[in-house]
Each structure stands twice: as C-alpha cells, then as structure tokens.
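Peer 1: Below is one structure. I have some questions about it.
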Amino acid sequence: MKEKAAAERGTRTGFTTGACAAAAARAAVIGMATGQVPGEIESLLPNGSRVRFAVQDGRCDAQSAHAMVVKFAGDDPDCTDGAHLTVDLRLLPGQAGEVSYVAGDGVGTVTMPGLGLEVGGPAINPVPRRNIADNLREAAPTLLQVHGVEVTISVPDGQVMAKKTTNARLGILGGISILGTTGIVKPYSTAAWRASVVQGVQVAATTGHEVVALTTGGRTETFAIATMRAERPELPSACFVQMGDFLRYALDEAASQRIGLVVLAVMVGKLTKIAQGETITHANRSEVDTDLVAEVARRIGAAPEDCAAIAAAETARFGAELMVERGLGDAFHRALAQAAIDTLTAPERYGRAFQLRVLVCDFSGNQVADVWSDPALPQEREAAARRIGIDHILDIEPEPSPE
C-alpha cells in the first residue's frame, strides 16, 4: 500500500501560473458584476477543460475587485508551487471588451525582444492572456459588452522565485512569468524546459551577435562563458543557453532563426551520444555506444587491447580517461568532437545551415578540444529554416520527449 501511495503521489498533475491567474480573474470579475467574489470557481483552461479552484482573499466593489488562487503544482518540482496568484481588476468605463494587462509585484517585465511580448510590458504569455480574457468574457458578458477591464497580476515573493528560473537571462526582470499552454502541469514534465530552451535560442537570435552557445548544465556553461568571453567579452548572457538534453530542439530553433554560429559546450558522455546520432541525450532515452568510443580510439592509434577494454566498458568517460593516461587525450577528444560535427552536418541533418564549434571540457572544467566545422552556406541556411518551419507546422515525425 505504501508503494502504491508513493506512486500515486509521484503522478499528481497540477496547474500552471496562467491557469491559476485566470481562475482568480474569473472570480474577481464575478465580484465586480454581482457584488460578491465567490469562494470557489469553475474556470476554463486553455485546453478547453474546466477545473474548480478555491479562491481566497476575495473583495470587490463596482469599480474594482481582488482575488487570489494558491498554485498547486502536483508532483512537479516547480519553484512556483504554493505561489499566491493574485489578481486585481480595475474597470475601464466605456472601453467595451477591452482587456489590458499589468505586471504587479513579483511578476516580471520584458526588457528584451524575442519572446513574442512587448518590450516594457508584463511577462504574461499570449496563451494565459487569451485564457484570462476568455474567462472574463464568459463569466461577466454583460459587463464586458459595455466596459473594459485592466488585469494586474501579482505574485508575492515572485522576485525570489524568479532567481530559480532563466528569466533574467531572457531579459525578464522583477519577477516570474505567467505561463502555460494547456493549463496543466505534468509531474516532472520536460515540456517546460524544452520550451525554455527554444525561447532561449529565440532571444539569443535577437542580440545581433549571430551566435548561440548551447550547454548541457552548470559546469559546461561556466566553461563556455569563460572560454568565449575571453575571445568576445561583449557577449551577453542571453547568448548562452542551457539546453540540457534537448539538442534537437535547440538546433532546430537555431536553424529556424538563421543563427550563423552554434557552439556546443559538452563533456565526453553527451559528446559521444551526439556523435552516435542522438539528439535527445537523456540517459533514459539512449545508452552510450562504447563501440563508437573504441573505434575513435582505434583511429588515433590506440592499442588493440585498450580498444577492447573501451568497448567493454559501461561509460565513455572510461575511454577518455584511458586515452589521457596513454598520452592520446587531445587526439581522442578532437577526433570524437569531429565525429559529432560529421554527424550533425550530414546532409540529412543540418548540413551547413550554421557553422558548428564543439568545445569539450573534462570533469574539472578544463578544455580538452575545440573543433570547428566548415562555415555556413547561405543557401543551406535558408533551405534548413524553411524545412524546419514546415516540419513544425505539420508536426512531421516528431521526436518523442523522454518523459
């Protein structure tokens, strides 16, 4: 019974910040229309379903209303779990149907282009905006036929929560973003991270530097920043994107945005997976091909017995460290990086849609390889951007997420 209960707790879904804000807005507009904010509300989610939310701190008069919904993230490790999504409405007399948005305390302000939001405006994404407006118009149709409503969303302690997100790097300052495409948060969902990777590449494209550095985590990011800023001190933080395991989505977006130079900052395990053709490098999705590692070692002159030991090993790290011991570390890492470039620049993948630079560091953060592909070709860049755009629209053979 305990194991079953634990499994059930590990699969509970929750609700996005956008869904909670929409529920609070719906409760508040009912208060403006009727004189009383309800203590519970059935709210419309972006995916078309309806969910009941408890509403707290409701108060209203004919010109304004206030309501709050506590976010429940289910079993997702979300820094906004328990956040108080607070909405204040202000009547806009005579502005029939108008719905405008304001960032209150703890909600970020957009300071850079590339997010699909107005610079200087609130970090409230388009889907939550539509969802809030739909709930307002559905809950108080008569009021919205005559007047408009200004929606201010606040999140107490949102500034603290934002430090655990990539908002500052994306140019969202002062708090969290109001997000959500379906309204539902799935436990340990990769969707939010995948979306943040794509968004990060989009922002990098707006900086004018024609480069994005894709890293797999904190160690490779520190390495990439130190290496690249030694060469180009002017590079902003927005040019560095932690892609995690989502190489495919990052490279697709880089091609779609016509970014000229893509830098991959990786260590030997992820590098091997890229060389073997994996573009989603999560451990649960793919295993390291140690036969490939052994083949690379053979090409650089490693002894047959060492190649056999590498092939029989469980990790690529074993092979890398053995080659270092044998004095072949530099040659090994360069050859493996070149194998990754050859894989990614194959005609059936990205060709020369962008130039690739593969920076490899060891587990102490020291550089062990720096390999470049041939420069991008303009005609291949345009062809790749068009192809990827069509694939995204038609959802042709989408690669499943590693959930």
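Peer 1: Kindly check whether there is at least one residue in region 229-239 that is under 17 Å from Gly116 (Cβ atoms) and open to solvent by less than 30 Å² (accessible area, probe 1.4 Å).
Peer 2: Checked against the condition, which is being under 17 Å from Gly116 (Cβ atoms) and open to solvent by less than 30 Å² (accessible area, probe 1.4 Å), region 229-239 yields at least one hit.
Peer 1: Return the total of residues in region 93-113 being in a loop (DSSP other than H, G, I, E, B), open to solvent by less than 50 Å² (accessible area, probe 1.4 Å) and under 18 Å from Ile178 (Cβ atoms).
Peer 2: Of the residues in region 93-113, 3 are in a loop (DSSP other than H, G, I, E, B), open to solvent by less than 50 Å² (accessible area, probe 1.4 Å) and under 18 Å from Ile178 (Cβ atoms).
Peer 1: How many of the residues making up region 99-130 are within 18 Å of Pro46 (Cα to Cα), in contact with a strand residue (DSSP E or B) (Cβ under 7 Å, 6 or more places away or on another chain) and touching a residue at least 40 places away in the same chain (Cβ under 8 Å)?
Peer 2: Total satisfying the criteria: 6.
Peer 1: Follow-up. Going by the structure shown, is Thr207 over 25 Å from Ala83 (Cβ atoms), in a helix (DSSP H, G or I) and hydroxyl-bearing (Ser, Thr, Tyr)?
Peer 2: no
Peer 1: Separate question: Taking the options Gly158, Gly82, name whichever one is assigned by the TED database to the domain that holds Arg59 and more than 24 Å from Arg52 (Cβ to Cβ).
Peer 2: That would be Gly158, the only listed residue that is assigned by the TED database to the domain that holds Arg59 and more than 24 Å from Arg52 (Cβ to Cβ).
Here's the yes/no breakdown for (1) touching a residue at least 24 places away in the same chain (Cβ under 8 Å); (2) under 19 Å from Val155 (Cα atoms); (3) in the same structural domain as Leu144 (by the TED database); (4) polar (S, T, N, Q):
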residue	(1), (2), (3), (4)
Pro38	no, no, yes, no
Glu42	no, no, yes, no
Leu45	yes, no, yes, no
Gly48	no, no, yes, no
Val51	yes, no, yes, no
Ser64	yes, yes, yes, yes
Ala67	yes, yes, yes, no
Lys71	yes, yes, yes, no
Pro93	yes, no, yes, no
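Peer 1: Against the conditions (1) under 18 Å from Ile388 (Cβ atoms); (2) at pLDDT 95 or above, where does Pro233 fall short? Just the number, please.
Peer 2: Unmet for Pro233, out of (1) under 18 Å from Ile388 (Cβ atoms); (2) at pLDDT 95 or above: (1).
Peer 1: Against the condition open to solvent by less than 30 Å² (accessible area, probe 1.4 Å) and under 16 Å from Ala254 (Cβ atoms), how does Val293 come out, does it pass? Walk me through how you get there before you give the answer.
Peer 2: Working: open to solvent by less than 30 Å² (accessible area, probe 1.4 Å): yes; under 16 Å from Ala254 (Cβ atoms): no.
No: the conditions fail for Val293.
Peer 1: From (1) crowded, with 22+ Cβ neighbours inside 10 Å; (2) closer than 21 Å to Cys79 by Cβ, pick out the condition that doesn't hold for Ala204.
Peer 2: Of everything listed in (1) crowded, with 22+ Cβ neighbours inside 10 Å; (2) closer than 21 Å to Cys79 by Cβ, Ala204 misses just condition (2).
Peer 1: How many residues are in contact with a His (Cβ under 7 Å, 6 or more places away or on another chain) and crowded, with 16+ Cβ neighbours inside 10 Å if we restrict to region 35-57?
Peer 2: 0
Peer 1: If you go through region 66-75 one residue at a time, do you hit one that is charged (D, E, K, R), outside any strand (DSSP E or B) and within 17 Å of Glu150 (Cβ to Cβ)?
Peer 2: For region 66-75, residues charged (D, E, K, R), outside any strand (DSSP E or B) and within 17 Å of Glu150 (Cβ to Cβ): absent.
Peer 1: Restricting the search to region 129-184, which residues are among the hydroxyl-bearing types (Ser, Thr, Tyr) and under 27 Å from the mean Cα position of the chain (by Cα)?
Peer 2: Residues of region 129-184 among the hydroxyl-bearing types (Ser, Thr, Tyr): 142, 152, 154, 165-166, 177, 181-182.
Across region 129-184, the qualifying residues are Thr152, Ser154, Thr165, Thr166, Ser177, Thr181, Thr182.
Peer 1: For region 58-70, enumerate the residues that are modelled with pLDDT of 95 or more and surrounded by fewer than 22 Cβ atoms within 10 Å (Cβ to Cβ).
Peer 2: Those that are modelled with pLDDT of 95 or more and surrounded by fewer than 22 Cβ atoms within 10 Å (Cβ to Cβ): Gly58, Arg59, Cys60, Gln63, Ser64, His66, Val70.
Peer 1: So, one more: Being out of contact with any helix residue (DSSP H, G or I) (no Cβ under 7 Å at 6 or more places or on another chain) and open to solvent by 30 Å² or more (accessible area, probe 1.4 Å) narrows it down to one of Glu221, Glu118, so name that one.
Peer 2: Among Glu221, Glu118, only Glu118 is out of contact with any helix residue (DSSP H, G or I) (no Cβ under 7 Å at 6 or more places or on another chain) and open to solvent by 30 Å² or more (accessible area, probe 1.4 Å).
Peer 1: Continuing with this model, one more query. Report whether or not Val360 is touching an Asp or Glu at 6+ places or on another chain (Cβ under 6 Å) and not aromatic (Phe, Trp, Tyr).
Peer 2: Details: touching an Asp or Glu at 6+ places or on another chain (Cβ under 6 Å): no; not aromatic (Phe, Trp, Tyr): yes.
The answer is no for Val360.
The values are calculated or read from the model by the stated rules, or taken from the named source; none is laboratory data. Note that the structure is predicted; figures quoted are calculated from it, not measured. We place every Cβ from the backbone using ideal geometry, glycine too, and count neighbours over all the protein chains shown. Ligands, DNA and RNA are excluded from the accessible area calculation, which covers all protein heavy atoms including side chains. Shrake-Rupley method; radii C 1.70, N 1.55, O 1.52, S 1.80 Å.
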